[in-house]
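One structure below.
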There are 2 protein chains.
Amino acid sequence: MAGQDSGAVSARPPDQATVDLLGLLAYGELTAFERLATDARMSPTIGDKIALARMAAAEFAHFQAISDELDRLGVDRELAMAPFIAPLTAFHNSTAPADWLESLVKAYVGDNIAADFHREIATRLPSPSRELVLSVLGDTGHAAFAVERVRAAISANPIVAGRLALWARRLVSEALTQAQRVGVDPDALTGLLVGVGDLDALAGIFNRIMAAHGRRMAALGLSA
Amino acid sequence: MAGQDSGAVSARPPDQATVDLLGLLAYGELTAFERLATDARMSPTIGDKIALARMAAAEFAHFQAISDELDRLGVDRELAMAPFIAPLTAFHNSTAPADWLESLVKAYVGDNIAADFHREIATRLPSPSRELVLSVLGDTGHAAFAVERVRAAISANPIVAGRLALWARRLVSEALTQAQRVGVDPDALTGLLVGVGDLDALAGIFNRIMAAHGRRMAALGLSA
């Protein structure tokens, strides 16, 4: 549905792949904002709380940039986000972190997989949407923060490593479940998948994302 | 405790009233950010969610401005906030909204009472802290948003007015309980209360704040 009637707003409507990626990214940034802000409540120290709140505010600025781009293209931002609300909500509801460390691992693992996926797709977008998406995917400082905190926790109490490794595997499995759901929804991401090319190209993307995930888990001191 | 050893950082340490007000305001903005971002999850529409997230991001920018001012004064921001963490946390824990309308009323009532109080105290601060505090207290658009949504809900279903009026009374009562707690804590707000003058001056502040609260309740269509 998204963008189907956007011809009424703009003389040259953007292609469906652009609308879908921007819609997915916008809603992803909005939920990332919410999640970081909510996780900030679990912070063990006020310094951690401030650090998370700062990252959440940065995610909102990204959301704003993507929304502005949808406006510029004459696309209704809420229509563009609509197909992705259910799968992203389901993912977050099924992976509510039980504590501060789980929330850090989730943010680190989840945001990076999402960023890798968006980066793969972004290269197939026309300018200036491509440059905008790539700039929004810039790190907000979360990676270094999460790695430092999680490594310190594991070094203080090595027994948490097993629990966090299991948690990360559950996150990846839930993310794949929701990604498949998006993949079979004719309203969502159809344009994106057409833009990718064929199933071989999709498998290539998936393998690169999982290899990068494995390297990030090693950086955390966890087995993938 | 806050600021007691700040002489080591700055040659001319700011007075205790300034440190206390900035610390209270900084932690107040940080919790306002968290609360708005958390309440955004209860939003009935994605438009409401975006509106609340935008206000939360504005509160974080305010927090940042106050923190920068504490840095400029050579005051440890965490030490300055420390005395206000327990009472603000207790207030929010004892007044968790049950739904979207309660969260709107809480934000509207609570933020405005806090802003009135800060404004009364700010006039007693030296420049440029005074101007900074007054600019940070500028409305982030929450008032108009909350009034519009709450009035629409009451007009659609007049029975909610009684429940929300009771809720607002409970918020004021809890706020007063925590304010008294701050008032008797020798580490918190001592400087501020000295700055106010005497008990008569304090009673004057209190009366002006409650009168403004009554006018805001009427704007919502509720009895105070």
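The values are calculated or read from the model by the stated rules, or taken from the named source; none is laboratory data. Please read these numbers as outputs of a predicted model, since none were measured by experiment. Glycine gets a Cβ as well: all are built from the backbone with ideal geometry, and neighbour counts include every protein chain shown. Just so you know, the surface numbers come from the protein's heavy atoms only, side chains and all, with ligands and any DNA or RNA stripped out. Shrake-Rupley method; radii C 1.70, N 1.55, O 1.52, S 1.80 Å.
Observations, loosely collected:
- FRET E, pair A:D99, B:D200, Förster distance 51 Å, beta-carbon r, rounded to 0.05: 0.55
- GNM top mover of B:V19, B:V160, B:V105 - chain B, alpha-carbon springs below 10 Å: B:V160
- Calculated [222 nm] ellipticity per residue, helices only, for the protein assembly as shown: -25500 deg cm²/dmol; basis is -39500 (n - 2.57) per DSSP H run with n ≥ 4, divided by all residues, nearest 500.
- Rounded percent of accessible protein surface that carbon and sulfur make up, segment B:1-133, 1.4 Å probe: 58 percent
- Based on Cα atoms of segment B:28-187, Rg over Rh with Rh as the Kirkwood radius reads 0.98.
- Cβ-derived FRET efficiency at R0 22 Å, A:N207 paired with A:R170, nearest 0.05: 0.60
- Span-like helix check, chain A: qualifying full DSSP H segments, with Cα axial length of 27 Å or more and mean Kyte-Doolittle of -1.0 or more, are A:16-39, A:46-72, A:100-122, A:160-184, A:199-220.
- Under 20 Å from the B:D71 label point (7 Å along Cα→beta-carbon), backbone N, segment A:27-50: A:45-50
- Its alpha carbons give the protein assembly as shown an Rg and a Dmax of 24.1, 78 Å.
- Shape of segment B:39-98, Cα gyration tensor, a/c cut at 1.5: oblate
- Cross-link partners of B:K106 among lysines (Cα-Cα below 17 Å; sequence separation of 8 or more within a chain): B:K49
- Chain B residue with Cβ closest to the axis mapping B onto A, distance in whole Å: B:A37, 2
- Scaled against the 2.2 N^0.38 Å expected of a compact globular protein of N residues, the Cα radius of gyration of segment A:107-185 reads 1.37.
- For B:L88, solvent-accessible area (1.4 Å; no DNA, RNA or ligand), Å²: 40 Å²
- Net length gained if the chain between A:A61 and A:N157 were fully extended (0.36 nm per residue, minus Cα distance): 30.9 nm
- Counting Cβ atoms of other protein chains within 10 Å of each residue's Cβ and taking the mean over peptide B:24-32 gives 1.
- Gap separating the Cα centres of segment B:25-70 and segment A:134-178, nearest whole Å: 25 Å
- Classified by the C-alpha gyration tensor, segment A:139-182 has an oblate form. Its axis ratio a/c, with a ≥ b ≥ c, is 1.5 or above, and a/b does not exceed b/c.
- In the elastic network of chain B, a GNM with C-alpha springs shorter than 10 Å, the most mobile of B:L25, B:L132, B:L104 is B:L132.
- Take each residue in A:37-43, count the other chain C-beta atoms within 10 Å of its C-beta, and the mean is 4.
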